[in-house]
Structure formats: C-alpha cells, structure tokens
Amino acid sequence: MSLFVKKLWSHARSAVTNVIDDINKFENVTGINNLLSFTMSIPDNLINHTTRTDLSVLNNNYTITAPTNQDINHTPTASEFLNAANTEYAITGTPDGMKPFLVNGKQLAIQDVASGMAAKVWVTSENQIVIAYQGTTGGDNLLLNPLMTVSQIASDVQVWNQSVSQGQKTALKFAQYAVHQAEAQGYTTNNIFVTGHSLGGIEASYVAQQTGLGGVAFESTGIPSSSTAHNGDNFVSIVTNGDPVGEYASDTAKGNAFVTSMTPGANNEFNHYGTVVTVGDSADSASMLNKISDWNKSSLKNVIDIASIIPDMVKYHLSGTQAADMNITLSPHSLTADMIVTQHGPVVSMGNDSISQLMTHALPVAKVG
C-alpha cells in the first residue's frame, strides 16, 4: 500500500470519528436523544424497576474524589465484577449475591441512545458499589432497545480509530452522577467501583483512568493516554489470548501494524488501563496477531484481515469464555451473549479474587496508563 493510501485510510477513519461526534451533538441539541432515550428505556423501567432515563443528570458539575488509602485486598470479587458486567447483556436478573442500588426506591440506571452508553448500579454483599456498563448490542436487550446497538457500534468505530468515544464521555458523566448519589447515602469512593465487558469495559477503563475509581474491565481495548490519567494501581484489565478486541492495544499487540497504523493518545500510547491479566492460551494470541501482521499491505488485504479475525472474536471475546477460563459461574445468563462458551488453555480459578489478588496473575510486561 502506498504512503498516500495509508494516509487516506488514516484520514478517513479520523473523519468518521468526527462525523459520529457531530451526529451525537445534533441529537442532543435538538432534543431527539432525550425523547428516544426516555421512550426506549421504558421497557427496562417496567421490567426491572429502574429509574426513568433523564439525560439531564449527565449535565452535572459533580467531581469525583479519587480513593485514598484504599484497601484493594477488600474489593468486590472477580466473580462479582464479571457477573455485574454480564448482567448488562440480560433483559432481567440480579448478579449473584448482589442487589440493586436504589435511588427513590428504584435501581439507578441509564440508557443514552445517542452515545450507546447504558449502565446499572449494584451493591455487593460487602456493601460496596459497582457501576456496570453495557457492551455492544446489549445482548438480549437488543430486543428491547435496538437503537442502542447502532450507537454502540458507532462508539466501537471511534475506539477502533483510537479516539475517546461518545460512549466513554457519557459514561464518565454518569459515573459522576452515580458517585454523587452513592455519597449521599454514605458511601465513599474507596468502596465504589466500575466494570464492564467489551465496550462496557472500555467505558469502565476510561472512567477509572479519569477519576481514579477502582475496578475490573473484561475484554477492553486500550484507551488513549491522557494528561489527566490516574496511575491505575487499583484497576485490572482482563484479556483473553486471541481476542481481537481485547488485544487491540499497544501493550498486548506491541508493534503490530493493525494497532500502530493510527497515532493514538497524547503520548502515542493506546495501552490497557491498569494491570493487564491475560487468560487462555498464549498460542491463540500469536495466531490471531499473525493474521493481521501485514495490515496496510493493501486496501483489499485490510478488508481480508478484518474478515479473518471475526471468528476469533466469536471464539474468544464473549463473557462466557472468560467465565470458563477463570472458573466462574455466570448468574444470571444472557441467552445471546453466553450461548458460546469456549475454554482455552489452563483454567485458573480467580472467581474469589480481589483486585489485589487478580494482580498477582499479571505477566511481568503488564503496564498501567
């Protein structure tokens, strides 16, 4: 591929990112997003007794005070984090051992159609808060709110283009509101955490990077480096070897043209946030990365490369695969997101691990930022 065509690919991807942002702004300025978000969230309100979506809560000036002297040996477990993240793919259900965090008698939740950001807030048996963000398609929730999927895919495109997506930005605003509500009920940020799978994990990573909240992301990509980033010493990114989404980062796909073809972040970094823990078989990672090692050889080859790794995403990306690799029982189940479960490599029992214990499984190359 000529230098001109490479630049054309890069500029086109950047232009698409800007167009998505402009559409998002238009939907908010005109009030279309308010109407759609309120209307499309009604089924969830009725089924799960969640708070009505009022996007004015995102226009807040709340600040989040980063945790101080936080005990990361006493956090929600990996099982609780994964089940909270996976519940975002189920139409209804409560993560095992948890209960909804209530505001005015209803579970605090949100669905922002324009950005594709959706989240629910939970309380663990140890009285700690978990904000769980939804991944692309919403799993079974696609039946209730198909419009979200369109915006979530748009956010995915922005992430692939190594920018901060519309979903990440609204996830941060919701976290500010959720933390404010939790603090009003006596919680401190030492006991407030974030999680999510796929796009939800990307949003959780960004929220943690910008606020210092602790948490665990499952199958998140990298995120752009930031001058306002915290150091990630209370956050874990769990990546399955061979997952094209989870390995789309400067640290896990170091030097691979598929990642380096864009110029990411303030310091040209697109790393996972926090400590990286890989699960599964490392041979699957080598195989997948080899398929895209010749990225930008030609435009046709780029299309072929993307097509070649789609089966890897099906095999390694879904939350059921992480559950199998980590010896975690998912509860509740999503009919769509959990229908394919493929365990690869050694099974390492991490379900009862705190954030601190999860970090002990990290490889020496794990990075923060």
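Quick note: the coordinates plus some simple rules give every number you see, no bench work behind them. A quick note: this is a predicted structure, and the numbers were derived from the prediction, not measured. Cβ coordinates were reconstructed from backbone atoms using ideal geometry, including for glycine residues, and neighbour counts include every protein chain displayed.
For the residues Asp294, Asp325, Asp96, a GNM of the chain with alpha-carbon springs under 10 Å puts the largest fluctuation on Asp294. Where in the chain are the helices, taken as whole DSSP H runs, whose Cα atoms extend 27 angstrom or more along the long axis and whose Kyte-Doolittle mean reaches at least -0.5? Correct list, ordered by number: 3-29. Net charge within 14 Å of Ser356 by Cβ-Cβ distance, Lys/Arg positive one each and Asp/Glu negative one each, not counting Ser356 itself? Neighbourhood net charge equals -3. Put the Cα centre of the stretch 242-263 next to the Cα centre of the stretch 80-111 and the gap is 32 Å. With the cut-off at 27 Å, tell me which of the pairs Lys99/Lys173; Lys7/Lys254; Lys25/Lys106 have Cα atoms farther apart than that. Result: Lys25/Lys106 exceed 27 Å. Centroid-to-centroid, using Cα positions, the stretch 266-329 and the stretch 220-235 are 20 Å apart. When His230, His11 are sorted by how many other C-beta atoms sit within 10 angstrom of their C-beta, beginning with the fewest, the order is His11, His230. Residues Thr228, Thr260, ranked from the fewest to the most other C-beta atoms within 10 Å, line up as Thr228, Thr260. Considering only Met148, Met313, Met359, the Gaussian network model of the chain with Cα springs below 10 Å gives its largest mean-square fluctuation to Met313. Choose one answer from Leu46, Leu147, Leu82: the residue with the largest mean-square fluctuation in a GNM of the chain with alpha-carbon springs under 10 Å. Judging by the Gaussian network model, the answer is Leu46. Computed over neighbours whose Cβ is under 12 Å from that of Thr195, the net charge equals -3, Lys and Arg +1, Asp and Glu -1.
What separates the Cα centres of the stretch 22-70 and the stretch 174-206 is a distance of 14 Å. Net charge in the neighbourhood of Ile91 (other residues with Cβ under 10 Å of its Cβ; Lys, Arg +1, Asp, Glu -1) is -2.
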